[in-house]
Amino acid sequence: MVLKYQSLDIGNQSQFKQIKTLVDNDLSEPYSVWVYRFFLNNWPGLTYIVIDTELEEEKNVIGCIICKNELHRNTRRRGYIGMLVVNNEYRGQGIAKNLVKTAINKMKNEQCDEIMLETEVSNTIAIKLYENMGFLKMKRLFRYYLNEGDAYRLILPLTEKSCIRSTFLGDASIDI
Amino acid sequence: MFKNYPNNDELIDVTDIFKNLGKNLKEPTIIKASYFDLFEGTRSLEVENARLDSTLIHLTEIEKNFNCNAIIGDENDLEVQLDNIISISDRLLRNVISWLNNYQTLPTTILSCTYVEHILLASEKSHKIEPLSTGNELYDKTLSGLCIGICYFGKFVLHLMKSGVLMEEEDLNFNFMGLDFLTFQESSKEVLELLEESLTYLDTLENGKKQYLKDFIRITICLVHIEETCTTYSTDLKFLNELAELGEKYNSIEVLTSDVPEGSFSMGIQKRMSNQYPPRKLVNVTNNYSGYKDMAMDIKRVLLIHEEKSALEMLQFSYYFGNLQQRHVLARGIFSLFFMRDNLTILGKYKMPDFVIMQLNEFSLTGCTSSIENLTPEQKLFLEPVLEEATKVLLEFYQNFTQNNCRIRQGYNRQLLLWDSLQAQFENAETLLEQNGVINVVSNEPVVTYFPYSLWAYFQKVTLMIDFVLKGFDLEIYQPYETFAMYYFVYYLTYKREYALRSVQQFIEKKIHSIQAMNKKIKKLKTVEKKEALKVQYKKLMETVMPSLQRNKQYLNFLTLRNTITKSLSLCQFVQFGVLKSYGIIDNHSSSISEFIDHELIHKLRFKSFSSIGVPELPTYEIFESTLKEFTLSEPNLDSKVSNTIGFVNKECTKTIESLDSILQAIKAGDNNGTMLTGSRLIKEDALKHYEQLKYSCQDIQKNIVTLTKKINVISERPLSEHFKVILKFSDNGSSFFPLLSLEDKTKID
């Protein structure tokens, strides 16, 4: 098998459909098309896919990472990993890790001060993956997901700004 | 799908407009309202998506055509009808617990009952309670009464939600599907009458099964009465006791009757009514009647606060109620409204500003020159705005204990800043008072003065800092490598807290001595007038101030001992970490190799909450690093040094167990031993449990450090990090604030 990592082609409907199917089949949270469009159309450069070049074009997307990058409370630039999925049959090969690395590097180049994400408390594999890359569990969120599970919010600090409350970076509201 | 769907003549065809506008759109354009953000998006629905479109729910013909005003089965067969109503009522009551105790949604529990939906719709239409009208009293009186009673109880739960006490979705789901939960019903009178009528009717039946229904109606009556805890602030426990008893009784009855009649519970409401949520399957609820007992017991516990005799008891009650375990969602909601009342009083007894002073008097303000009652109107002006601010901060502090477990820690984080700012404001006000001659003197040579208000705020802040860090262990936030930094920081904070406690203690001791010295002074005075005047003053102080000072002294004894316990346990934890580090099994940094890992930055992020706090100052990264080095042992004679460390940890734990025993004895004796005041009278059971858990933790640590070294000594090959992995282990009886640093064999894990 030959795997190819690449940015999403926003005009490619097949890629869009495959990403949606991949995520729908894997994540517990059901997302509307709006959520996909929110990420993909606003930050097309922050979605990466993995293609198994030996498969037909209509079903060759076997993994994806979907991110965004926004100014948080007008004080620090926060990258966010919204979804990360690898097809069941392709797991255990470091594909997820490669996708996360690619996305972080891209967000780092875009001057992000930190990268944030949420994951289910019960998803120990994902937690381990992120913690091994330097992410820190910052909060536990009670019954965060529709499946009633708690979540952890994790942050990877990239600059000193990530380590200062936004209140003291110029924002008037209290950062919790 | 929509209740108020417009008529055809009110509809306009927008197809052409839509198509024309759409023509000009480019590929990446998203159309959305300005308020519609990602959060809204993740909760949005999608037509034709089976996971997000509730109109795609498949209903059977029976579900579709279910008639709530028709009798199911042979109407003349009492046995059949009793079975029908018992099974529906039983399922509905189990659904109430599934909703409240197991966090299921309203549409998959109470509103999944077709009779509930029918009654709510009919009642809303006629703006009055509309029971079923089948012509059979089992349906029209009993089932109707049960449904209506539960809906009325639902109305009370909605009130709790609307008052902002509970978090929608997180704490409770109240997706009411556009239905009106009897909001027109101003009191419970009519509902209770209906339920009583049902009981009277059931008494006329000659069938043993009627007892089930009578009990179910009694449960419903108890639920209806719960609102009185927040309307008339009733502390009558009669209905809560009955609810607990019935919950226990039915918990032991496995299966009551056959399955519910088809169509009586359905996903239909999700398809028919205004639904803003994705479709959800009905939950198969097993026997959960013990949930009623759990709920009743927690609400009963809340009402106990009414019996408080001091601000200290209120404080301790709230701490043990909220911080140690998550209480029933209704109990948390009721606590907030019962404690902080609509008439802006605490428990209907204390005005808010008085409440702040009461708390201050329990800690540091008694006998102070700067007590508010000793100040002139001009001097009061310095303090009053800060006391107003203190009221807000203190109320938020109490409110936080009613949050869910995760939110409590977030609340601590937010409050750190509030108490920090409050401390600064008090310091300014007290400096101004001092400049105006209002001085609390601790000693004359050298001159040491005392700021009771800012000292209180400082003590509260440091306590929150400690609680914030320790709660992180409870919520399993930290990785094992972070244990050193977190416990070292707690240890450091307990030193700072100790200093604050000592300052208060010094002042109190001095005050007690100065009052006692007045007696000698009286004897030395020569004129009778002066003697008499001093005698009057002495008597007044002995009667009013002295008992409070003695009380403060005893409370400080407790706080000091509690602080020492936290200090010792934290010390033992990071000393153990030092031992493991000495053998190279763990380090205070992540052992992973990643281009994104910056150890110092990660450390700073972990301590972000404290970075802005000036006093106590956050130790630098370098101090954390060098402290660990000090606690890391090395060759030569490593094993002997480790053996000494084991001895030290053992000793420290033994001392801590003794301290814990003193606190446990004081609690058990109801604070009557004269040396310590724990203020835990009203929440004795929970307080005892907390200190018992800490005691277990001490014993576990003693055993653990021996186990660790034994395991290490068995392996001769190095590095040991290839053999072992450190995990944080939560023991069954120990405290979750102090999990054990345990070793796991790596070959077993991988």
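What to note about this one:
- Listed residue pairs exceeding 32 Å between alpha carbons, taken from B:511/B:567; B:655/B:725; B:510/B:651; B:64/B:155; B:128/B:271: B:510/B:651
- On Cα atoms only, tilt of B:329-339 relative to the major axis of chain B in degrees: 60 degrees
- Positive-end residue, the protein assembly as shown charge dipole about Cα centroid, Cβ charges, pick of B:432, B:36, B:253: B:432
- Summarising the amide proton neighbourhood of residue B:169: residues at separation of 5 or more, or on other chains, whose placed amide H is nearer than 5 Å comprise B:174.
- Rolling a 1.4 Å probe over the protein heavy atoms gives chain B an accessible area of 45 Å² per residue.
- Extension gain from residue B:325 to residue B:14, taking 0.36 nm per residue of separation minus the Cα-Cα distance: 106.4 nm
- Put a plus charge on the Cβ of each Lys and Arg, a minus charge on the Cβ of each Asp and Glu, and nothing anywhere else: the dipole of region B:54-291 about its Cα centre is then about 620 debye.
- Whole-percent pair-distance distribution, where bins are 10 Å wide, for the alpha carbons of region B:54-291: 7, 33, 40, 17, 2
- Computed with every protein chain present, the accessible area of residue B:127 is close to 120 Å² [probe 1.4 Å].
- Acute angle (nearest 10 degrees) that the helix B:352-363 long axis makes with the longest principal axis of chain B, alpha-carbon atoms: 40 degrees
- The overall shape of region B:605-750, judged from the alpha-carbon gyration tensor, is prolate: a/c is not under 1.5, and a/b is greater than b/c.
- Per residue, region A:3-168 exposes 40 Å² of solvent-accessible protein surface, assessed with a 1.4 angstrom probe and all protein chains in place.
- Accessible surface of residue B:77 - all protein chains present, 1.4 Å probe, nearest 10 Å²: 60 Å²
- Across the alpha-carbon atoms of region A:91-154, the computed radius of gyration and Dmax are 12.7, 36 angstrom.
- Computing FRET efficiency as 1/(1 + (r/R0)^6) for residue B:716 and residue B:592, where r is the C-beta to C-beta distance and R0 is 22 Å, gives about 0.20.
- Cβ-placed point charges (K, R +1; D, E -1), dipole of region B:308-477 about Cα centre in debye, nearest 20: 760 debye
- Comparing A:95, A:164, A:127 in a Gaussian network model of chain A, where Cα atoms under 10 Å apart are tied by springs, the biggest mean-square fluctuation is seen for A:164.
- When the C-alpha to C-alpha distance is required to be over 32 Å, the pairs from B:380/B:496; A:17/B:608; B:125/B:281; B:141/B:300; A:17/B:281; B:189/B:293 that qualify are A:17/B:608.
- As a calculated quantity, the FRET efficiency between residue A:3 and residue B:506 at R0 = 56 Å, using C-beta atoms, amounts to about 0.20.
- In region B:567-607, burial by the other protein chains removes 30 Å² or more of 1.4 Å probe accessible surface, compared with the chain on its own, from B:592, B:595, B:596, B:601, B:602, B:604, B:605, B:606.
- Expressed in Å, the radius of gyration and Dmax of the Cα atoms of chain A are 16.4, 54.
- Those residues of region B:25-47 for which accessible area with every protein chain present is at least 50 Å² below the isolated value (1.4 Å probe): B:27, B:30, B:38, B:42, B:43, B:46
- Volume in Å³ per residue [convex hull over Cα atoms, computed for region B:308-477]: 121 Å³
- Evaluated at q = 0.14 Å⁻¹, a Debye calculation over the C-alpha positions of region A:53-125 (equal weights, vacuum) places log10 I(q)/I(0) at -0.54.
- Convex hull volume of the C-alpha atoms in chain B, normalised per residue: 258 Å³.
- Where labels lie 7 Å past Cα in the beta-carbon direction, separation of residue B:434 and residue B:650 in nm: 4.9 nm
- Drop in accessible area of at least 30 Å² in the complex versus isolated chain, residues of region A:125-145, 1.4 Å probe: A:131, A:132, A:133, A:134, A:136, A:137, A:138, A:139, A:140, A:142, A:143
- Scanning chain B for GluC sites (Glu not before Pro) in DSSP loops with at most 14 neighbouring Cβ atoms within 10 Å leaves B:263-594 as the longest stretch between them.
- Rounded FRET efficiency, nearest 0.05, which uses the C-beta distance separating residue A:125 from residue B:262 and R0 of 51 Å: 0.75
- Think of each Lys and Arg Cβ as +1 and each Asp and Glu Cβ as -1; about the Cα centre, that makes the dipole of region A:3-168 roughly 820 debye.
- Cα-Cα separations in region B:315-405 greater than 22 Å, expressed as whole percent: 35 percent
- Over region B:435-534, the pair-distance histogram of Cα-Cα distances with 10 Å bins from zero comes to 12, 27, 23, 17, 11, 6, 3, 0 percent, rounded to whole numbers.
- If the chain linking residue B:668 and residue B:200 were pulled fully straight, counting 0.36 nm for each residue of separation and taking away their Cα-Cα distance, it would gain 163.8 nm.
- Using a 1.4 Å probe over protein heavy atoms, the accessible area lost on pairing B with A, summed over both chains, comes to approximately 5000 Å².
- Per-atom-type breakdown for region A:3-168 gives carbon and sulfur 46% of the accessible area (1.4 Å probe, protein chains only).
- Taken along its principal axes, the alpha carbon cloud of region B:1-144 reaches lengths of 69, 41, 30 Å, longest axis first.
- Annotation: lysines with alpha-carbon distance below 19 angstrom to residue B:531 (same-chain offsets under eight excluded): B:520, B:521, B:523, B:539, B:540.
- Both radii were evaluated on the Cα set of the protein assembly as shown; the Rg over Rh quotient, with Rh as the Kirkwood radius, amounts to 1.01.
- Ordering A:88, B:82, B:241 by Cα displacement along the dipole of the protein assembly as shown toward the positive end leaves B:241 in first place; charges were set at the Cβ atoms of Lys, Arg (+1) and Asp, Glu (-1).
- Within the accessible area of chain B (1.4 Å probe), percent carbon and sulfur: 52 percent
- Sequence-separation-based contact order of region B:54-291, relative, with Cα cut under 8 Å and 6+ spacing, percent: 34 percent
- Note on residue B:532 and residue B:125: their simple-model spin labels are 8.8 nm apart, each label 7 Å out from Cα toward Cβ.
- Label point at residue B:281 placed 7 Å out along Cα→Cβ; residues across region A:24-40 whose backbone nitrogen lies under 20 Å: A:24-31
- Rounded tilt (10° steps) of A:13-26 against the dominant C-alpha axis of chain A: 70 degrees
The values are calculated or read from the model by the stated rules, or taken from the named source; none is laboratory data. Quick caveat, the model's predicted, so the values are computed rather than measured. Counting neighbours? That spans all protein chains shown, and the Cβs are built from the backbone with ideal geometry, glycine included. Side chains are part of the model used for accessible areas, which takes the heavy atoms of the whole protein and leaves out ligands, DNA and RNA. Shrake-Rupley method; radii C 1.70, N 1.55, O 1.52, S 1.80 Å.
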